[in-house]
C-alpha cells in the first residue's frame, strides 16, 4: 500500500511538473522560431550531402573527416533545435513550405540561401574521386555561406539568448569549415 501511494505521488508530481513546464513558455520572437525551423531543414540537407560524399570511394581523407564532422555536429544541432522548438511551444519543422519570412524575405523551403538543387545532389551522387571532392566542396561552401547568412541574422535579432548563442556558434563553425575545405581542395 505504501509503495502504491509513493508511486502515485511520484506520477502525479511528474504530471504536475510537465503541465507547469508547458505553461511557463519561453520568450521568443518570429526570428527564434523561423531560424530554428528553417535551419533544421538546412542542416538536414548538409547531413544528407555528407552521407552521399562518404559513400563515394576514392575521395580526399581530409574532406571525409569534414563530412563526418558535419554529420555529427549538425546532427546534434538538429536535435537541439527540435528541443528548443518544443520548449518554445512551436512546431518542430517549418510546416508552411514557405521559408525565410523571419528574415524579411520569402522563399520556398528548397530555395533557402545555399540549398543545393536536386540536380546538384545528383551531380554529387554521380561524381567520383577528385571530381566528387570538387563538387562536395563547391556545394558545401555555398551551403555554409547560406547558413552563415541565416545564423548571423538570428544571432543579432533572436529574442532567446540560447538561440542567439547557438546561431553565433553555427556561423563561426561553418566559417571554419569553409576555410578547412578550401585548404584541402583549393
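Quick rundown of the values:
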{"quantity": "Per principal axis, descending, Cα span of segment 147-186 in whole Å", "calculated": "38, 14, 9"}
{"quantity": "Computed E for residue 26/residue 138 - FRET, C-beta separation, R0 41 angstrom, nearest 0.05", "calculated": "0.60"}
{"quantity": "Relative packing of 104-117, 61-74, which averages over residues the other C-beta atoms within 10 Å, highest first", "calculated": "61-74, 104-117"}
{"quantity": "Mean projected area (nm²) of the alpha-carbon convex hull when segment 88-186 is viewed from all directions", "calculated": "7.3 nm²"}
{"quantity": "Point-to-point label distance, residue 175-residue 156, nm (Cα→Cβ direction, 7 Å offset)", "calculated": "1.3 nm"}
{"quantity": "Inter-centroid distance (Cα atoms) of segment 149-164 relative to segment 21-84, Å", "calculated": "16 Å"}
{"quantity": "Using alpha-carbon coordinates, inclination of helix 30-54 to the longest axis of the chain, degrees", "calculated": "50 degrees"}
{"quantity": "Per residue Cα convex hull volume in Å³ - calculated over the chain", "calculated": "144 Å³"}
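Since every read-out is calculated from the coordinates, none of them should be taken as a lab result. Small disclaimer: the values here were computed from a predicted structure and weren't measured. Note: ideal-geometry Cβ built from the backbone for every residue, glycine included; neighbour counts use all protein chains shown.
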